[in-house]
1. Tell me, what is the FRET efficiency for ASP176 and ALA73 to the nearest 0.05, using R0 = 22 angstrom and their Cβ-Cβ distance as r?
2. Where the only charges are on Cβ atoms (+1 Lys, Arg; -1 Asp, Glu), what is the dipole of the stretch 90-134 about its Cα centre, to the nearest 20 debye?
3. R0 = 25 Å: FRET efficiency of ASN48 with GLN295, Cβ-based, nearest 0.05?
4. Normalising by the residue count of the stretch 116-259, find the relative contact order in percent from Cα pairs under 8 Å and 6+ residues apart.
5. Using a 7 Å offset from Cα along Cα-Cβ at ASP187, what residues in the stretch 157-175 end up with backbone N under 19 Å from the label point?
6. Using a simple charge model, +1 on the beta-carbon of Lys and Arg, -1 on the beta-carbon of Asp and Glu, nothing else, what dipole does the stretch 27-362 show about its Cα centre, in debye to the nearest 20?
7. Quick one: which of 66-77, 149-160 comes out on top by average Cβ neighbours within 10 Å, and what's the full order, highest first?
8. Compute the length gained on full extension between ARG332 and LYS86: take 0.36 nm times their separation in residues and subtract their Cα-Cα distance, giving the result in nm to one decimal.
Amino acid sequence: MFKHTVNLTSISISISGSSNPSPILTFLSHLHTYTQMGLKKTTSLLENLLEKAGGCAVIDGGFATQLETHGAAINDPLWSAICLIKNSDLIKRVHLEYLEAGADILVTSSYQATLPGFVSKGLPIEEGELLLKKSVKLAVEARDKFWDAVKSNPIHRYNRALVAASIGSYGAYLADGSEYSGYYGPDVNLEKLKDFHRRRLQVLVEAGPDLLAFETIPNKLEAQACVELLEEENIKIPSWICFSSVDGENAPSGESFQECLEIINKSNKVIAVGINCAPPHFIESLICKFKELTQKFITVYPNSGEVWDGVAKRWLPSSCFDDDKFELFAARWHELGASLIGGCCRTTPSTIQAISKVLKERS
């Protein structure tokens, strides 16, 4: 039996009872920590969402996967971002499908959308910037349309979703699989990575998302670039930074997560940290590892377990999780301390529906 005392004026928390506090107490403890770190005392949109969702929010699933299901041809260096140019209505349709499935957070279609990438397609910089902003606009429009349709229903079980602007790693732009190796070559240093990300970050922030999502970061250097850039640009929008992992123990570069998180833990601009697009059977042990290394919210959205060959640009036959397994393991991931849970490549709206169902039932 727990006894909690929560003073919302001073954000003080006392807990007595068991050594394993409930997820809602974990959430309150995070809120206390971030206030102590100097973040504004009023709760952020993400913290409000987590409270309404019972301590765990649902991120959407594989975006490119669903675009391909609807017939989109995305075998392109821009990957799913090619639809910003060719088929923006389809992007909004996929967002709506994930909202219907129960997603609390929409991740924009900008993962592989970069200004150098658009320029390589012959587009001027100004048009590339408009396309970046469009990725946020499409997600916001889908969110608002869906919320307007359901909010008047007194028995709906949805939350008003937040929009996270996706910022893929430098390796995602290279489209050579290096986001899964962490090796960018000897000529890529801290300043080059900050220069690469800077204008895209500025443009996405101008578009007004609720969150920023740095995704599939493969090494400590790029994590440091993201953290320093948030500080240099004085970004006010809460961010999460997610790494990939190919061995279930370390970042793809071979660097330990302890090394990587030491940098992130110093930033009060980053409110959550975690893993995306890694096999789901890695997630349980990585949540336990991250719980020991950080006080930030933990975010996990693995792929289906299939393996991507970044050189051949194809999925390799491999064992994977079906929706039933995601439902089972999502509950376990939440129990272990994950506050944001979803899916990445090769997961679908039915995967997110399974995750949402089990998490909302438990809340």
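The values are calculated or read from the model by the stated rules, or taken from the named source; none is laboratory data. As the structure is a prediction and not an experimental result, all values here were calculated from the model. Every residue, glycine among them, receives a Cβ derived from its backbone with ideal geometry; neighbour counts consider all protein chains shown. For accessibility, only protein heavy atoms count, side chains too; no ligands or nucleic acids. Shrake-Rupley method; radii C 1.70, N 1.55, O 1.52, S 1.80 Å.
1. With R0 = 22 Å, the Cβ-Cβ based efficiency is 0.60.
2. 120
3. Efficiency, from the Cβ-Cβ distance: 0.85.
4. 25
5. 170-175, by backbone N distance to the label point.
6. 840
7. Those peptides, ordered most packed to least, come out 66-77, 149-160.
8. 84.6 nm
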